[in-house]
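Before any comments, here is the structure.
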Amino acid sequence: MEVRDAEKTEIDQVAKIWHEAWNDAHAQIVPAELTRLRTLELFRERLETAWPRVRVVGPPGEPLGFYMLKGDELDQLFVAAHARGSGVAAALIADAEIRLAEAGVKSAWLGCAIGNERAARFYEKCGWRRTGIIAYLAHTANGTFPLEVWRYEKVLEPQKGT
Ligand SMILES: CC(C)(COP(=O)(O)OP(=O)(O)OC[C@H]1O[C@@H](n2cnc3c(N)ncnc32)[C@H](O)[C@@H]1OP(=O)(O)O)[C@@H](O)C(=O)NCCC(=O)NCCS
């Protein structure tokens with residue numbers, strides 16, 4: 001399953017995946033106010049800024065899921081509902097781990113909403129370890145929204161040349 005750089009023409013599809021998948025996983029477990037503030041437009045704007053960092057799986061024009069990194073953080077990982085359970089997420093996270101290691105990151109981290117059990121199971125299956133609960137600032141249309149999240153970490157395999 002090939003992981004590739006996203007094409008700029010795919011921004012609307014990626015924003016839709018992010019918005020829908022975020023809602024699938026979070027609408028039942030975070031304050032309703034946060035869900036209201038996490039709009040499709042907000043996700044699209046954030047993608048505009050982050051674009052060179054977005055990696056996807058899927059045929060050209062039909063991305064199935066994406067991830068992006070921020071320093072030593074796996075910042076976002078979202079897969080369309082119809083592509084879950086298919087190995088898309090595993091391909092994305094494996095690629096993310098290689099890129100992090102190639103950038104010299106020895107131990108990576110990510111935040112996962114408390115109660116997002118499917119994501120937690122997935123991360124643990126991929127060798128990530130829950131290390132505690134941390135304060136997190138979720139981006140919203142009105143600035144940031146404070147939230148406590150599970151912190152996951154993984155010690156990465158060094159890549160050649162790092
Ligand atoms: C998190 C995500 C990327 C994982 O990808 P995926 O394709 O669903 O992952 P997989 O199907 O390989 O693994 C999920 C595991 O959770 C299990 N699972 C499914 N529903 C579950 C639930 N409600 N509680 C606990 N485990 C659950 C699955 O059975 C599977 O475990 P198994 O392989 O041992 O059977 C994807 O589900 C997703 O995009 N979710 C919505 C957005 C999201 O939560 N993103 C992460 C933000 S931190």
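The values are calculated or read from the model by the stated rules, or taken from the named source; none is laboratory data. Remember, it's a predicted structure, so these values are computed and weren't measured experimentally. Note that each Cβ is placed from the backbone with ideal geometry, even for glycine, and that neighbours are counted across all protein chains shown. Protein only, heavy atoms only, side chains kept; ligands, DNA and RNA dropped before computing areas. Shrake-Rupley method; radii C 1.70, N 1.55, O 1.52, S 1.80 Å.
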Complete set of residues in segment 59-109 that are open to solvent by 20 Å² or more (accessible area, probe 1.4 Å), more than 14 Å from GLU153 (Cα to Cα) and part of a loop (DSSP other than H, G, I, E, B):
PRO59, PRO60, GLY61, GLU62, LEU64, ARG84, GLY85, SER86, GLY87, ALA103, GLY104
Can you name every residue in segment 110-132 that is more than 11 Å from the ligand (Cβ to nearest atom) and open to solvent by less than 40 Å² (accessible area, probe 1.4 Å)?
GLY132
Looking at this structure, is LYS160 open to solvent by 40 Å² or more (accessible area, probe 1.4 Å) and more than 17 Å from the chain's Cα centre (by Cα)?
yes
Report, by residue number, each residue of segment 96-117 that is touching a Lys or Arg at 6+ places or on another chain (Cβ under 8 Å), over 21 Å from THR49 (Cβ atoms) and charged (D, E, K, R).
GLU97
Residue by residue through segment 136-154, note down the ones that are in a strand (DSSP E or B), closer than 18 Å to LEU42 by Cβ and not aliphatic (A, V, I, L, M).
TYR136, HIS139, THR140, GLY143, THR144, PHE145, PRO146
Which ones in segment 12-41 are open to solvent by 30 Å² or more (accessible area, probe 1.4 Å) and not in a helix (DSSP H, G or I)?
ALA27, GLN28, ILE29, PRO31, THR39
Are any of the residues in segment 104-124 in contact (Cβ under 8 Å) with a residue 40 or more places away in the chain, touching a Pro at 6+ places or on another chain (Cβ under 9 Å) and among the charged types (D, E, K, R)?
yes
Go through segment 49-58 and count every residue that is at pLDDT 95 or above and either in a helix (DSSP H, G or I) or of a type in the set (A, V, I, L, M, F, W, C) (or both).
3
Out of curiosity, is ALA135 more than 16 Å from the chain's Cα centre (by Cα), under 27 Å from LEU37 (Cα atoms) and either of a type in the set (Lys, Arg) or away from the ligand (no atom under 11 Å from the Cβ) (or both)?
yes
